[in-house]
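The values are calculated or read from the model by the stated rules, or taken from the named source; none is laboratory data. What you are looking at is a predicted structure, and each value in this text was computed from that prediction instead of being measured. Positions of Cβ are generated from backbone atoms using ideal geometry, with glycine treated the same way; all protein chains shown enter the neighbour counts. All accessible areas refer to the heavy atoms of the entire protein, side chains included, with ligands and DNA or RNA removed. Shrake-Rupley method; radii C 1.70, N 1.55, O 1.52, S 1.80 Å.
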Amino acid sequence: AEALYLVTIHHYDMVMCDIEMPHVDGFAMLSRIKHKDPRKPVLLVTGHVDDTLEQAARDGGAAGLIRKPMERDTVVRLLRALLSE
């Protein structure tokens, strides 16, 4: 709830959140963020990627799905690409 509140009162260029968080599902967070600002890029992070998760992320409007453990260079490249759009 606090994260969603912060996203709605502050301007962030993008949001990155885990699919599994205490008290809120990452897909629920994605949906709420997209409802408030459909253009805001949202990256989801997960420890287990499969076709179902990737499709759910796309369907929900996620800008991408990153698998943990994350490679620093991969994340930096993805963030730069999203922020330059």
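Would you mind telling me which numbered condition in (1) out of contact with any Ser or Thr (no Cβ under 6 Å at 6 or more places or on another chain); (2) free of Cβ contacts under 8 Å to residues at least 60 places away in the same chain residue 79 fails?
Checking residue 79 against (1) out of contact with any Ser or Thr (no Cβ under 6 Å at 6 or more places or on another chain); (2) free of Cβ contacts under 8 Å to residues at least 60 places away in the same chain, the one that fails is (2).
Under 8 Å by Cβ, and 6 or more places apart or on different chains, what pairs join a residue from the stretch 7-21 that is touching a residue at least 40 places away in the same chain (Cβ under 8 Å) and hydrophobic (A, V, I, L, M, F, W, C) with one that is open to solvent by 90 Å² or more (accessible area, probe 1.4 Å) and assigned to a helix (DSSP H, G or I)?
Once the first residue is touching a residue at least 40 places away in the same chain (Cβ under 8 Å) and hydrophobic (A, V, I, L, M, F, W, C) and sits in the stretch 7-21, its partners that are open to solvent by 90 Å² or more (accessible area, probe 1.4 Å) and assigned to a helix (DSSP H, G or I) give 14/83.
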